[in-house]
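Let me begin by presenting the structure, written as structure tokens, before commenting on it.
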2 protein chains.
Amino acid sequence: VTDTWLSIPDASPFSVDNLPWGVFSGGGRGPRVGVAIGDHVLDLAGALDDDVFARPSLNAFMARGPAAWTRTREQIQDLLTGTSHHDIVVAQLSPIADATLHLPIEVADYVDFFSSIHHAENLGRIFRPGGEALSPNWRHLPAGYHGRAGTIVVSGTPIVRPSGQRQLAPAEPPTYGPSLRLDIEAEIGFIVGRGSTLGQPVPTDAFADHVFGVVVINDWSARDIQAWESAPLGPFLGKSFATSMSPWVVPLDALAGARVQPPAQDPPPLPYRPPFAGMYWTPAQQLAHLTANGASVRTGDVFASGTVSGLQRSEWGSLIELTENGVSSVKLADGSVRTFLDDGDTVAISASAPALHGGRLGFGEVTGTILPPFG
Amino acid sequence: VTDTWLSIPDASPFSVDNLPWGVFSGGGRGPRVGVAIGDHVLDLAGALDDDVFARPSLNAFMARGPAAWTRTREQIQDLLTGTSHHDIVVAQLSPIADATLHLPIEVADYVDFFSSIHHAENLGRIFRPGGEALSPNWRHLPAGYHGRAGTIVVSGTPIVRPSGQRQLAPAEPPTYGPSLRLDIEAEIGFIVGRGSTLGQPVPTDAFADHVFGVVVINDWSARDIQAWESAPLGPFLGKSFATSMSPWVVPLDALAGARVQPPAQDPPPLPYRPPFAGMYWTPAQQLAHLTANGASVRTGDVFASGTVSGLQRSEWGSLIELTENGVSSVKLADGSVRTFLDDGDTVAISASAPALHGGRLGFGEVTGTILPPFG
């Protein structure tokens, strides 16, 4: 772990080796860009004397591209490790606990993938018992769909239980009402900092030219609405009511120590995507696939992994898997049980990764509390 | 038709009763907002002395809401019908032929519906011969999916033929290469001018509080890529490479004379959406459905009708219908034939509607030329 003169609590996810980017307000000033360091946020417009950080989103800074991201990160690390800048830094620090954290980016397009083979097989077994767990295309491409960018909210935003059409019993006509099967999906999201050109695919080895950083996503899912609407056009209102994002964007550079070889892929990927831990499809393959038809990406695009589930039950990332679609239940720490979410439930999801210079990097939490339906 | 002192060619789609909004550049000045009148575009920042029009998109003006849209439209009609403002107007007119037309809005989210029962039945018969033409949910809700906002382009933008995975024969492994079944979808698009609140559905009778205007959309579709990828998450790369939009946004107010009762709907829609000529699902129902789960809309959102097909073959809006998925062919005016699109083909789609004070309103064209694949 890299040393700093600043006091950082031992349990802090935000070391000098992490320095996640975010947008905060407080102290009588509006939303602006900062980095988290220990229990504090460093105001970058002040510390670096650059107005690109005096804005309510990271987009303008992200658009500068990867050389600027790396250089700025090094400047901040210098400020925090060299003692000569002590006074400048201290003047721009404030406690995270006193700040309001905002959605760190203006979201352009949002794509959600479906790249955990364990999650896909778990769902296939639930919905197609006795049949093939995976659809015929699943091992050939990272399946995905476009989600609703305008309803991505920052961690802590309350989630109103969605209403919609759902079948209360098979073969019965649908009724309209609050979702009775409200679920979570624990995912990792990738944020595009620099866009690409329409008509020109982005190859897997250009991933770091475009991807700025990584967040934790909770892709709230109304399973009953989703089940009724999905054929033939895929998920729509069962997902579009809200997607929660953690407030701190972990830089791709900080994750150099977390890279692993992906699992063996059978059949081998087609040549347009030359070859994550346990996820079948890697984010580089997702980005390559997303642009393989010439579709461009923009500053502020988000693409998420899909539910991150492992082989073991303890590694499953959604209630639909953990409860076999509501057949069994999950016991919580307080002794209560759930099949799906109740009104008033608060869900918190976090993540961590190995750091390059030892220890672990944290992502901060993505949280949300379920409110009763509208009306 | 409302009279004006300005000379408007008889065949012009852009009468004083229309006044579609757009964004243009030319004469050494950057993109700014104008309205089309006959063969000319009126520079609104100059004519109305309002800087909201000195911007490269309609979004800031749209965000002002429907009272401002109607009041501004009346001001422009006054300028064009009263002779006292003749000099002001003439100074701000320039020929459309000399202008570059830009995408009129910054697109926020893009949703594409599937609301023509004739189109849905035609496709059902092609893909599920002998089975039910419509999916079980089709008559219960306006089926739709999120498309890619960042690849919506203005009419005239060349379309690079997309590459992707497709099966050249059933049960064979997919190969990667240029789409061999590139198609069009003739659609009408609706632009959200004023947003809504997250968690609160927009009822059908609030349509005019949110929808600013109407455009023509060509939802380019690579049928082979779409067919292989679609299960279970719906259309993705088969659609996301490009969607073309006409440059002139016809105001909802101009279409008061074009309103009709929708066809009878069986079963009756569920009560959350109290009850387009021939389109089974109306745009008001689409907007209500889109927000029924509490999802909010934003300034700049676009939602499109899906392919507009009528009962008669002459009214079908895609090549996949007109050629029975490539089994038959379409004869063009020059005597050549097509199943799907060839490189170099130019597609132009237009639309018109009855005007309130007689005659018809035009939408202008949406055009695109197919370029060979990248690489």
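Here are some notes:
- Selected residue (only one of A:W228, A:W220 is of a type in the set (A, V, I, L, M, F, W, C), more than 10 Å from every other protein chain (Cβ to nearest Cβ) and farther than 23 Å from A:A256 by Cβ): A:W220
- Residue within segment B:331-339 that is touching an Asp or Glu at 6+ places or on another chain (Cβ under 8 Å), farther than 30 Å from B:A60 by Cα, outside any loop (DSSP other than H, G, I, E, B) and not hydrophobic (A, V, I, L, M, F, W, C) present: yes
- Just one of the listed residues (A:L42, A:L101) is open to solvent by 20 Å² or more (accessible area, probe 1.4 Å), within 28 Å of A:P13 (Cα to Cα), touching a strand residue (DSSP E or B) at 6+ places or on another chain (Cβ under 6 Å) and in a strand (DSSP E or B), namely A:L101.
- Among residues of segment A:296-346 being touching a helix residue (DSSP H, G or I) at 6+ places or on another chain (Cβ under 7 Å) and at positive phi, the one that is surrounded by the most Cβ atoms within 10 Å (Cβ to Cβ) is A:G306.
- The residues in segment A:347-375 that are over 21 Å from A:I188 (Cα atoms), part of a loop (DSSP other than H, G, I, E, B) and open to solvent by 60 Å² or more (accessible area, probe 1.4 Å) can be counted, and the count is 4.
Rundown of residues vs (1) modelled with pLDDT under 85; (2) closer than 25 Å to A:L341 by Cα; (3) not hydrophobic (A, V, I, L, M, F, W, C), yes/no style:
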| site | (1), (2), (3) |
| --- | --- |
| A:A222 | no, yes, no |
| A:L233 | no, no, no |
| A:G238 | no, yes, yes |
| A:S244 | no, yes, yes |
| A:T282 | yes, no, yes |
| A:A288 | yes, no, no |
| A:S296 | no, no, yes |
| A:S309 | no, yes, yes |
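- All of B:P129, B:P136, B:P173 fail the test of being more than 10 Å from every other protein chain (Cβ to nearest Cβ), part of a loop (DSSP other than H, G, I, E, B) and at negative phi, apart from B:P129.
- Here B:A169, B:A186 are screened, and the one residue that is open to solvent by 10 Å² or more (accessible area, probe 1.4 Å) and in contact with a Gly (Cβ under 6 Å, 6 or more places away or on another chain) is B:A186.
- Selection count where residues are closer than 30 Å to B:E315 by Cβ and either among the small types (G, A, S) or at pLDDT below 90 (or both), scope segment B:165-187: 3
- Any hit, segment A:110-117, residues being at pLDDT below 95 and in a helix (DSSP H, G or I): yes
- B:H146 meets all of the listed conditions (1) farther than 19 Å from B:R223 by Cβ; (2) surrounded by 21 or more Cβ atoms within 10 Å (Cβ to Cβ); (3) more than 8 Å from chain A (Cβ to nearest Cβ) but one, namely (3).
- Residues in segment B:235-254 that are within 14 Å of another protein chain (Cβ to nearest Cβ) and among the small types (G, A, S): B:G238, B:S240, B:A242, B:S244.
- Residue among B:V260, B:V192 that alone is among the β-branched types (V, I, T) and open to solvent by 10 Å² or more (accessible area, probe 1.4 Å): B:V260
- Residues located in segment B:279-304, provided they are more than 14 Å from chain A (Cβ to nearest Cβ) and part of a loop (DSSP other than H, G, I, E, B): B:M279, B:Y280, B:T282
The values are calculated or read from the model by the stated rules, or taken from the named source; none is laboratory data. On a predicted model such as this, the values are computed, not experimentally measured, just so you know. A quick note on method: Cβ atoms are made from the backbone with ideal geometry, for glycine too, and the neighbour counts reach across all protein chains shown. We work out accessible area using only protein heavy atoms, side chains counted, and drop any ligands, DNA or RNA first. Shrake-Rupley method; radii C 1.70, N 1.55, O 1.52, S 1.80 Å.
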